[in-house]
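The values are calculated or read from the model by the stated rules, or taken from the named source; none is laboratory data. As the structure is a computational prediction, the values presented were derived from the model and not from experiment. Here Cβ is always computed from backbone atoms with ideal geometry, including for glycine, and neighbour counts include all displayed protein chains. For the accessible areas, the whole protein counts, side chains as well, though only heavy atoms, and no ligand, DNA or RNA atoms are used. Shrake-Rupley method; radii C 1.70, N 1.55, O 1.52, S 1.80 Å.
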Amino acid sequence: MGLLVCVALSLYQRETGTFSPPQRLYRTIGPNSSAGPEAFLEAQARLVAEMRSEALALVKHLMAMFPQDENADILQGDVYEGLREDALAGAAWRQALTKNPQRSDLYEKLGQLAEAQENKAQAIAYWNQGLRINPKTPHLRWHIANAYLERGEPSPAVELLEQECALSSPAARNYFLLGQCRRQLQQFEQAALDYQKAIELTPDYYNAYYGLALSYQMMKQSERAKKARNKYITLKQEKDASEERQIRIEEIPQNRKWLAAYYIKAYQLYARNKKTVQGGPLLERAVALAPGWAFCLEKLATHHYRMKRPADAIKLYQQAQRVDPNQPMYGVNVGTLYRQLRQYDHAEKAFRQAIGRFPNYSPAYRELVNLNLKTGKHLRETPSLAQRAVQLKGSADHYYTLSKAHHVNVNGRSALSAIQKAIRLDPDNAEYRDFDAIIRRRRTR
């Protein structure tokens, strides 16, 4: 740890308050038969140590830049946790709580540290403390329920998990744990439903199939049990084979992504403190470290958009498309940026490509309608495109778009109906009410 801190100090320029990360990208290295395996492992360990040193330098800089912001302490704790320095991680998170005692989410982290040290009582105490501060904090009830189940107390765990499912967005692990609890309580029919819900959310959740098989077996449904058990075996074998293929000879790519993630969090800290411009180089460093990670490219593209550099943003979104071609948002963002640049043909091409590749992605239809309304082209097709967006997602914004499409095609009754639906969904939106008035005035002429 002494070497890492020493190197880290050299990267932080106290006089200017800026952070100067090294330009080195820690290239992947391969075994050299002439040097021997020991030299290869030593070189690999040296690169990993340098990356971890850079992470420490980054959080030291953030602590100096934002001494009153608990998020700097939280990030410092996250870095220490990644370095497996649990005591230092816990100290950083507790320091964050002294600055903002309402950060109930930190009690999840502290509880997990206590759990890792096999102090279940302390872990539960932390999680309960977080709930006392904010009863709607996600995940805390799951941790407590899991601890109860491990202690052989499924009944209180069920109540906690039902509350968690009601408060949080659907999560497979919540329903899986519910299934485990109800199976222990011999509520096999309900347990089977819980396992099925977990599988709906995560189709390759092989442990849920195992629990489902056991539940069917206890209900004397042998064919269903056999089918679920076979599915478990298939998925488990695929998972094991995948993990076997993913074994790395070296740690460099994994650690580069680890370091890039901290640069993204550091940028978010800058942005929260109204230093978005100064935070740009942090995102550039993240992309340099992990150019094959679409998430990094997206964050830098969004930064360029905020800085009113649409051409740079387009290049990055297109690069993200190549890295992750299954993400429809990138193509729609490209089209939106081309529209801002008044390159309408490029914008139309991007939106139509997005619709072609992702026919169930509603924003692509909405943005193509908005483009047509702006250019005055293809106006006859706008109502059907807008209607498709509404079918896919009946949001207020989509109904407003549909209303505009009908209005420009002189279909006043349909335009009025659509805008009224938008107003019902978002009654405080002044833009919708203004457009409603425009439609009504036109109809009374």
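May I ask you to say which residue of Trp258, Trp293 is among the aromatic types (Phe, Trp, Tyr), closer than 27 Å to Pro203 by Cβ, within 17 Å of the chain's Cα centre (by Cα) and open to solvent by 40 Å² or more (accessible area, probe 1.4 Å)? If you could, list the steps in order and put the result at the bottom.
Values: Trp258 fails: closer than 27 Å to Pro203 by Cβ.
So the residue among Trp258, Trp293 that is among the aromatic types (Phe, Trp, Tyr), closer than 27 Å to Pro203 by Cβ, within 17 Å of the chain's Cα centre (by Cα) and open to solvent by 40 Å² or more (accessible area, probe 1.4 Å) is Trp293.
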Does Pro156 satisfy the condition of being surrounded by fewer than 17 Cβ atoms within 10 Å (Cβ to Cβ) and closer than 25 Å to Glu115 by Cα? yes
Within the range 94-109, take every residue that is within 22 Å of the chain's Cα centre (by Cα) and closer than 26 Å to Glu54 by Cα and give me the one that is surrounded by the fewest Cβ atoms within 10 Å (Cβ to Cβ). Lys109
On the basis of being more than 25 Å from Ala320 (Cβ to Cβ) and at pLDDT 95 or above, does Asn370 make the cut? no
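Filter the range 341-358 down to the residues that are closer than 20 Å to Leu379 by Cα and not small (Gly, Ala, Ser) and list them by number. Don't jump to the end; show me each part of the working.
Here is the first cut: in the range 341-358, the ones closer than 20 Å to Leu379 by Cα are 342-356.
Passing the criteria: Arg342, Gln343, Tyr344, Asp345, His346, Glu348, Lys349, Phe351, Arg352, Gln353, Ile355.
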For Ala166, are the conditions met, namely being open to solvent by 50 Å² or more (accessible area, probe 1.4 Å), small (Gly, Ala, Ser) and assigned to a helix (DSSP H, G or I)? yes
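What residue, of Gln278, Gln268, is out of contact with any strand residue (DSSP E or B) (no Cβ under 7 Å at 6 or more places or on another chain) and under 15 Å from Ser20 (Cβ atoms)? Walk me through it before giving the result.
Details: Gln268 fails: under 15 Å from Ser20 (Cβ atoms).
After applying the criteria, what remains is Gln278.
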Going by the structure shown, is Lys393 within 23 Å of the chain's Cα centre (by Cα), among the basic types (Lys, Arg), surrounded by fewer than 20 Cβ atoms within 10 Å (Cβ to Cβ) and on the phi < 0 side of the Ramachandran plot? yes
Looking only at residues in the range 68-84 that are of a type in the set (D, E, K, R) and touching a Lys or Arg at 6+ places or on another chain (Cβ under 8 Å), which one is surrounded by the most Cβ atoms within 10 Å (Cβ to Cβ)? Asp73
Considering Arg352, Arg366, which residue is basic (Lys, Arg), in a helix (DSSP H, G or I) and surrounded by fewer than 16 Cβ atoms within 10 Å (Cβ to Cβ)? Arg352
All but one of (1) in a helix (DSSP H, G or I); (2) more than 24 Å from Arg151 (Cβ to Cβ) hold for Gln102; which doesn't? (1)
Index of the failed condition, Arg84 passing every other in (1) in a helix (DSSP H, G or I); (2) free of Cβ contacts under 8 Å to residues at least 24 places away in the same chain: (1)
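Does Arg151 count as open to solvent by less than 90 Å² (accessible area, probe 1.4 Å) and basic (Lys, Arg)? Working first, answer last.
Details: open to solvent by less than 90 Å² (accessible area, probe 1.4 Å): no; basic (Lys, Arg): yes.
In short, no.
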Keeping to the range 369-390, report how many residues are on the phi < 0 side of the Ramachandran plot and surrounded by fewer than 16 Cβ atoms within 10 Å (Cβ to Cβ). 7
The range 355-389: number of residues that are under 26 Å from the mean Cα position of the chain (by Cα) and touching a residue at least 24 places away in the same chain (Cβ under 8 Å): 11
Quick one: count up the residues across the range 175-196 that are open to solvent by less than 70 Å² (accessible area, probe 1.4 Å) and either more than 15 Å from Glu150 (Cα to Cα) or β-branched (Val, Ile, Thr) (or both). 7
Could we say that Ser417 is buried (at least 17 other Cβ atoms within 10 Å of the Cβ) and within 23 Å of Leu368 (Cα to Cα) here? no
